[in-house]
Every structure is written in structure tokens, then in C-alpha cells.
Amino acid sequence: MKKESARTNIFIKCGKTTDSFDKLEMLCKEEAKKLSETIEFSNLEVVSVPFWTSDFPELICVGSFSKNESGLIVFELDFSESTL
């Protein structure tokens, strides 16, 4: 079954443009884990959430949040769209 992407106003700000990319990856994963524990949406949606640096708006990655077959919220982070 194909899942539809939901448009939301959710975004995450973490880290700074001067942080190493490894540190930014770690911060994004931590924030994504926190969000996955609180975000709510229907079973048919994939929620895309951009992750931005806090000091200057540079895109770090885009997170895709969805529910797995067990109903648990899972996420994938795509760093290929980064503007850093």
C-alpha cells in the first residue's frame, strides 16, 4: 500500500552551521527520536519534517515519519538534501 505524504508546519531547529556534520547528524537523530515519541497522525500518512540549523537557516536533513505494521512510529533521515 502506498502511503501519502502529509504536509505539516512541523520543523526542527538544532545545532549550528559551525558544528561538524557528524555532530549535526547526532543531534538530528536525537531530535527525531524525541519527535517520534510525541507526534500523532493517521496510519496512511508519511509526515516529512525538515531539520534546520538554529543560527542560520541551513537545511541539515529531512525526516520521514510513519507508522510501521505494529503501529509504532518510525523515522528515516535523508541527509542528501542538506544545504551545508
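FYI, it's all coordinate maths here, none of it is from the lab. In this text, all values refer to a predicted model and were calculated from it rather than measured experimentally. Glycine gets a Cβ as well: all are built from the backbone with ideal geometry, and neighbour counts include every protein chain shown.
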Handout entry: Degrees, to the nearest 10: 21-36 long Cα axis against longest axis of the chain
Key = 30 degrees
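Over the chain, what is the percentage of antiparallel beta bridges among all DSSP beta bridges, to the nearest 5? Can you show the working numbers first?
Values: 12 of 17 bridges.
Around 70 percent of the beta bridges assigned by DSSP in the chain are antiparallel ones.
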Fill in the blank from the handout: Candidates ILE73, ILE60, ILE39; GNM for the chain (alpha-carbon contacts under 10 Å) flags as most fluctuating ILE39
Handout entry: Correct option for semi-axes √(5λ) of the Cα gyration tensor in Å [calculated from the coordinates] among (1) 19, 17, 15; (2) 20, 15, 11; (3) 24, 12, 10
Key = (3)
Practice task
Compute the longest continuous run of the chain that contains no exposed GluC sites (Glu not before Pro); treat a site as exposed when its DSSP state is not H, G, I, E or B and it has at most 11 other Cβ atoms within 10 Å.
Solution key: 1-36
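Below 15 angstrom from the Cβ of PHE51, what's the summed charge of the other residues (Lys, Arg +1; Asp, Glu -1)?
Details: positive: LYS13, LYS16, LYS23, LYS29, LYS33, LYS34; negative: ASP19, ASP22, GLU25, GLU30, GLU31, ASP55, GLU58, GLU76, ASP78, GLU81.
Residues close to PHE51 contribute a combined charge of -4.
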